[in-house]
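Every number here is computed from the coordinates shown, using simple stated rules; none is lab data. Here the structure is a predicted model, which is why all the values come from computation and not from measurement. Glycine gets a Cβ as well: all are built from the backbone with ideal geometry, and neighbour counts include every protein chain shown.
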Amino acid sequence: MAGLTLDVLLLVLGIGVLYFGAEWLVRGAARLAGSIGVSPMVVGLTVVSFGTSAPELVVCTVAAWGGNPDLAIGNVMGSNLANIGLILGLTSIVRPLEVQSRVVWREMPIMMLVTVAIYPLAWDLELTAGDGVILLLILASYLLFVFQSVGSETPEVLVEYEDFIEAAGETESRLRTGDVGLVLAGSAALVLGGYCIVEGAVQVASALGISQVVIGLTVVAVGTSLPELATSLVAAARRESDIAVGNVIGSNIFNLAAILGTASVVETIPIQPTVLTEEMPALLIVSALLFPVLRSGWRIRRWEGTILVAAYIGAGIFLLR
């Protein structure tokens, strides 16, 4: 019993260290990007989304490298489910989210396409280095698309991103050593936290007799999604709904393309058949719920947020049965 308690404490400690590591990395990287003239919107859509996905990246890479691929897959699937059902749902319950139509017609289809693209790559029940390269090329194409589309954004959206980045104190116009230090400290904390989470999660799963996919879908997924939750809640509180929604969709794209891509390049990831028949369909169904929700007046109302949370809980019960 004492051993299980220590493993749980290690898991909780890892989540805490991981959260602060992501916070430091996002803040430092955003300031560095601002100091070299990168626009606030690009910072928001890329640096912030990537930074809040950094915990999943570290955990999945450490898990794959350490011979725990089920934990890596469970973390990505669970994090994406949590981002849409739990985070967007809770955020819109706290404050209804107004959304630009471009989110529905541009970002959402990209997220769905990247999700569907996992099927042919994983059909042979493994993600190889070649599959990882394909996913990273998809990510590069997405980033190029983001950079090229900034000029077509409405003034309202551009101002929203400028206000968000400025309020976060991330608009330095000069390069500062402290910002480099934040990036380095954040990166170190992410590695330490990721190692603690993987070690704790593997031991807890073993002690309780549950699979690593289950522990990855639940505790680890929610823990690594805390940066997205914090970012979305702050954006919603400031009435910056496009950032709240864009952060979640961008993070989901990063989770699938950057994280699975990087992890499979590091080490071939075997895929359990249930990933294709249960986890992926559940993720696609919950993701598809966003289309009618976002189109109903271009906003997510409180009762619609409740539906998203209920869908997340329902998907969790189905996957963990």
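To one decimal place, what orientation-averaged projected area in nm² is obtained for the convex hull of the Cα set of the stretch 207-262? Don't skip to the answer; put the middle values down first.
Values: hull surface 18.7 nm².
The number I arrive at for the stretch 207-262 is 4.7 nm².
Work out how much length residue 310 to residue 210 would gain on full extension: take 0.36 nm times their residue separation and subtract the Cα-Cα distance, in nm to one decimal. Walk me through the numbers on the way to the answer.
On the way: separation 100, 0.36 × 100 = 36.00 nm, distance 2.41 nm.
Roughly 33.6 nm would be gained on extension.
Can you tell me the order of 179-187, 4-12, 50-58, 223-231 when each peptide is scored by its average per-residue count of other Cβ atoms within 10 angstrom, highest first?
Working: 179-187: 17.2, 4-12: 15.4, 50-58: 27.3, 223-231: 25.0.
Going from most to least packed, we get 50-58, 223-231, 179-187, 4-12.
When only Cα pairs under 8 Å and 6 or more residues apart are kept, what is the percent relative contact order across the stretch 221-321?
Details: 28 pairs, mean separation 16.8, N = 101.
It comes to 17 percent, rounded to a whole number.
By counting other Cβ atoms within 10 Å of each Cβ, how are 142, 195, 119 ranked from fewest to most? Display every interim value, and only then the final one.
On the way: 142 22, 195 19, 119 11.
Placing the least packed residue first, the sequence is 119, 195, 142.
Once amide H atoms are placed 1.01 Å from N in the peptide plane, what residues at a sequence separation of 5 or more from residue 127, or on another chain, have their amide H within under 5 Å of its amide H?
So residue 127 has HN proximity to 269, 271.
Going highest first, how would you order 203-216, 120-133, 255-268 by mean Cβ packing within 10 Å?
Numbers: 203-216: 18.2, 120-133: 15.9, 255-268: 23.7.
Those peptides, ordered most packed to least, come out 255-268, 203-216, 120-133.
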